[in-house]
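Accompanying notes for the structure given below.
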Amino acid sequence: MAKNHEAQFERILDAPKERVWKAWTDPKQVAKWWGPDNVTIPECEIDLRVGGRIYIVMLAGEAMGPFTGTRWPMEGKFTKVEPLSRLTYTARAWTEGQGPETQIDQITDAFFEDLKGKTKVTIKVTITNADTAPKAALQGMSRRRLRQNTSKNARRDMRSTDIRSETKNSETVLPASTGKNRCLSQMH
């Protein structure tokens, strides 16, 4: 890949920063919201320190059709951990059982800002390496996110959750998970 692909988006969550931080750093809570709808997280490890490991496996459910049973691991290292403020990690994701053509290397930088009881989360993702198959998937995710954020149903869904989201920049390389964001409101 000749140049990096970058995307940034923001969410304002109706939850205190401490709860949102925990949702990002407690493996049991991460497993409740990580990834797109119709996947589960059978494995999640977080060693929350600089140099510590982040390892998450997404498993496609039946609703994913021909992808049912597919595992998408992501493994990386934390490069910055500033409690309640910032998480940065480098990671590699791939499709288990397939070759390097499914590999995506990325840097994720997440910032957490207190907004009087709400939390603004800003996420910057830099894809540093992706072959043809991942590039197509990333482009599809970006288009799907744009459609979801502008559709009447998505706006209604976001308003109906306990954690309300306001998207400042809807272009993202991460899958939408409006339904899973509802889990954040139930975390303590």
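Gain on full extension, evaluated as 0.36 nm per residue between Thr128 and Asp114 minus their Cα-Cα distance, stands at 2.0 nm. Could you tell me what % of all Cα pairs in the range 16-139 have separations over 26 Å? Value for the range 16-139 (Cα pairs over 26 Å): 23 percent. Were the residues from Thr70 through Thr40 laid out at 0.36 nm apart, the gain over their Cα-Cα distance would be 9.7 nm.
Model label points for Glu96 and Lys3, set 7 angstrom from Cα along the Cα-to-Cβ axis, are 3.6 nm apart.
Readers should treat all values here as calculations from the given coordinates under stated rules, not as data from a laboratory. Keep in mind that this is a model prediction, so the values were computed, not measured. Positions of Cβ are backbone-derived with ideal geometry, glycine not excepted, and every protein chain shown enters the neighbour counts.
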